[in-house]
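What follows is a short report on a single structure.
The values are calculated or read from the model by the stated rules, or taken from the named source; none is laboratory data. None of the values given here were measured: they were computed from a predicted structure. Ideal geometry is used to build each Cβ from the backbone, glycine not excepted, and the neighbour counts take in all protein chains shown. Just so you know, the surface numbers come from the protein's heavy atoms only, side chains and all, with ligands and any DNA or RNA stripped out. Shrake-Rupley method; radii C 1.70, N 1.55, O 1.52, S 1.80 Å.
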Protein chains: 2
Amino acid sequence: MADDDQLSRVFAALADPTRRDIVARLAAGDATVGDLAAPYDVSVQAVSKHIRVLTDVGLVSQTRDAQRRPCHLEADVLDLMTAWIERYRRQAQARYERLDDVLAEMGEDGHDPRRSRGAAS
Amino acid sequence: MADDDQLSRVFAALADPTRRDIVARLAAGDATVGDLAAPYDVSVQAVSKHIRVLTDVGLVSQTRDAQRRPCHLEADVLDLMTAWIERYRRQAQARYERLDDVLAEMGEDGHDPRRSRGAAS
DNA sequence: CTCTTGCTCAACCAACTGGTTGAGAAAGGA
DNA sequence: TCCTTTCTCAACCAGTTGGTTGAGCAAGAG
């Protein structure tokens, strides 16, 4: 379950508003650490740490340009989250849409569907 | 914006593998705290705390059934995350595809050189 | 070479998190 | 009525996190 750990770390990385903002700005184009740090009211070191977290989870990659470290968004990792979220959202929605059928069946014998059964797909 | 804080808390809530698993299981159907706690190797109180976090961010709602507290997945909140993620993933991908266009056009004929690097603000 | 710029590393600190145990509330069953 | 089940609250503890400052490395500029 290395994937599980990866997912946890990506969710945790994006739980911070500063890091989410960094990702949002990198979606518009690559930027150096200094560029990214400029708008925030914290030290450059703090932003550097944020970028470190983002690179650790694979959301951002860094190259070299003289003293500068341009940051680049690796958008593929975002698909990992979307895949997880959409899977269960769809599953829940499908169950919701089947509610009419369930209610109809409950009408005949009062079957109680409390205990969760095996996963669908 | 208040939405920002909500988003941070939902991401943080799903950064925990146990809570993600709870959400996954609730997608298959409602369950009580005891049902949800059963498979895990932690105390019921710990699971109760996890559920508290999920309800605080609006991912889960709880009703009453005698002593039991059936939990229900509120899948709408998941859309909030998907919206955020997809927005920037698409933006990054669009930029990426535009870069391919530029490179392709540069290879065929020297057309309008669009910016491949958008400086952030 | 020295100076400046751009960034990271290291140590430290306050706040938060996920776990524990113990106590207790709420509601049905004996 | 008292007992049992189900769940939450409170206090506490260890580990993590986001911030700070200070030092230091890498590379172009003078």
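Per the Kirkwood formula on distinct C-alpha pairs, the Rh of the range B:2-75 is how many angstrom?
About 12.4 Å, per the Kirkwood formula over Cα pairs.
Using amide H atoms built in the peptide plane, which far-off residues or other-chain residues are under 5 Å from B:ALA31 H to H?
Hits under the 5 Å cutoff: B:CYS71.
Please average, across the residues of B:5-13, the number of beta carbons from any other chain that are within 10 Å of each residue's own beta carbon, and give a whole number.
4
Which whole number gives the average, over all residues in A:67-78, of C-beta atoms from other chains lying within 10 Å of the residue C-beta?
That average works out to 3.
What FRET efficiency, computed as 1/(1 + (r/R0)^6) with R0 = 30 Å and r the Cβ-Cβ distance, is obtained for A:ASP5 and A:ASP41, rounded to the nearest 0.05?
0.40
For a quick protection proxy, order the peptides B:6-16, B:85-95 by their average other-Cβ count within 10 Å, most packed first.
The packing order, highest mean first, is B:6-16, B:85-95.
Local charge sum around B:GLU86 (other residues, Cβ-Cβ under 11 Å, Lys/Arg +1, Asp/Glu -1)?
Local charge sum for B:GLU86: 0.
Pick out, from A:GLN67, A:LEU54, A:LEU7, the residue whose Cα sits farthest towards the positive end of the charge dipole of the range A:1-73, with +1 on the Cβ of Lys and Arg and -1 on the Cβ of Asp and Glu.
Selected residue: A:GLN67.
Could you order B:ASP35, B:ASP21 by accessible surface area, starting with the largest, using a probe radius of 1.4 Å?
Result of the area sort, largest leading: B:ASP21, B:ASP35.
Express in whole angstrom the spacing between the alpha-carbon centres of the range A:10-60 and the range B:18-43.
Each part reduced to its Cα centre gives a spacing of 33 Å.
Other chains' Cβ within 10 Å of B:26-39 residues: what's the mean?
4
So between A:THR18 and A:ARG52, what do we pick up on full extension, going 0.36 nm a residue minus the alpha carbon distance?
11.0 nm
Could you give each residue of the range A:3-11 its phi-based ³J(HN,Hα) in whole Hz, using Karplus coefficients 6.51, -1.76, 1.60 with θ = phi - 60°, and x for Gly or Pro?
Here the 3J(HN,Hα) series is 5, 5, 5, 4, 4, 4, 6, 5, 4 Hz.
Tally up the carbon and sulfur contribution to the accessible surface of the range B:2-75 as a whole percent, 1.4 Å probe, everything protein left in place.
Its accessible area is 48 percent carbon and sulfur atoms.
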